[in-house]
Amino acid sequence: MVDTVTSEEQTANVNKGLDPIVKYENVHKSFGDVDVLKGINLDILPGEKVAVIGPSGSGKTTIIRMLMTLEEPTSGHIIVDGKNLWEMEKNGELVPANEKHLRQVRGDIGMVFQHFNLFPHMTILENCMTAPTHVKKMSKKEAKEQSIQMLEKVGLGDKLDNYPNQLSGGQKQRVAMARALVMRPKVMLFDEVTSALDPELVGEVLEVIRDIANEGEMAMVLVTHEMEFAIDVADRVLFLDEGVIAEEGPPSEVIQNPKNERLQTFLHRFLG
Ligand code: ADP
Ligand code: MG
């Protein structure tokens, strides 16, 4: 059969039609007998920017750590680009995923943490080159080129040979972003990446995230307390409260015209 795509279908694709890049299906997570996430259902479309807001302890970090394979769901499914993350098929049956499967599916995901997590004994160029050479088996030459390109993108092209302790918090966080970008993820996770920074350094980091977001093609999940930023960048906002998505929609609704009472109280703290 000849594969024909009409221009309308193409437009639909560009307008992020079809299949979600990430899908959570009734995901639960407990630590001991504490139920932290109580049935998360969530589709993230290719290129979509999703902000996650909510009180401390509501499960924001846990949601994205499961996608980064740092925590295993207690039940439910997480599907990345059509592949089940935590389970794999073996002899026609679904069995728990092994390390190799997890590593493969997670290859589409990048994460930036609140506390940078850079390797202190490596230069920032080496920090960026490690994962592509070891995990993606990229040649050293190519990893170096790509790393320099990404470090230039985040405004650190003149710091390649510096060590993390020679950089400001804002610069460290930009290295962490370049390091994640070198892996060319389809989805980037940002966990309160500005909340450990001195206030005067927050702007430069948000600026870089904004630039990356404007490039468009990568989906992003941004856990943040920066409401103005979320209004600017996010296509959709989720309000997480006590382990459920209590409200979701465009920022103009969720942040600027919230319905949920607990969300209204929560937002008062940020918007005055
Ligand atoms: P948030 O990021 O919204 O502040 P978290 O996802 O970090 O919330 O945590 C949600 C709840 O799960 C909190 O009550 C927290 O104490 C608990 N929790 C998170 N990680 C663990 C863990 N590894 N062991 C036990 N409890 C945890
Ligand atoms: Mg958190």
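Points worth noting:
- Each Cα pair under 8 Å and six or more residues apart adds its sequence gap; the mean of these over the residue count of the chain is a relative contact order of 24 percent.
- Counting charges near residue 168 (Lys, Arg +1; Asp, Glu -1) among other residues having Cβ under 10 Å from its Cβ returns a value of -1.
- Additional length obtainable on full extension of the chain from residue 264 to residue 117, 0.36 nm per residue less Cα span: 49.5 nm
- Alpha carbon Rg of the stretch 50-142, scaled by the compact-globule rule 2.2 N^0.38 Å: 1.30
- The stretch 137-202: trypsin sites (Lys or Arg not before Pro) in DSSP loop, at most 13 other beta carbons within 10 Å: 137
- Annotation: lysines with alpha-carbon distance below 29 angstrom to residue 90 (same-chain offsets under eight excluded): 23, 29, 38, 100, 136, 137, 186.
- Average Cα contact separation per residue, the stretch 77-164, under 8 Å, 6 or more apart, as relative contact order %: 23 percent
- Burial ordering of 163, 24, fewest other beta-carbon atoms within 10 Å first: 163, 24
- Where Rh is the Kirkwood radius over Cα pairs, Rg/Rh for the stretch 127-172: 1.00
- Inter-site label distance for residue 31 and residue 215 at 7 Å from Cα along Cβ, in nm: 3.3 nm
- For the stretch 227-272 versus the stretch 28-59, the spacing of their alpha-carbon centroids is 14 Å.
- In the stretch 116-264, one over the average inverse separation of all distinct C-alpha pairs is 16.6 Å, which is the Kirkwood hydrodynamic radius.
- Residue 142 paired with residue 252, simple spin-label distance in nm, labels 7 Å along Cα-to-beta-carbon: 4.4 nm
- For the stretch 153-229: rounded, prolate or oblate by the Cα gyration tensor [a/c cutoff 1.5]: oblate
- Within the chain, helix-based [θ] at 222 nm, where runs of 4 or more DSSP H residues each add -39,500 (n - 2.57), nearest 500: -11000 deg cm²/dmol
- Positive-end residue of 267, 120, 243, charge dipole of the chain with Cβ unit charges: 120
- Per-q log10 I(q)/I(0), the chain, q = 0.08, 0.15, 0.16 Å⁻¹ (Debye; single scatterer per alpha-carbon; no solvent): -0.35, -1.21, -1.33
The numbers here are math on the coordinates, done by the rules we state, and not lab data. Since the structure is predicted, the reported quantities are computational estimates derived from the model, not experimental observations. Backbone-built Cβ (ideal geometry, glycine too); neighbour counts: all protein chains shown.
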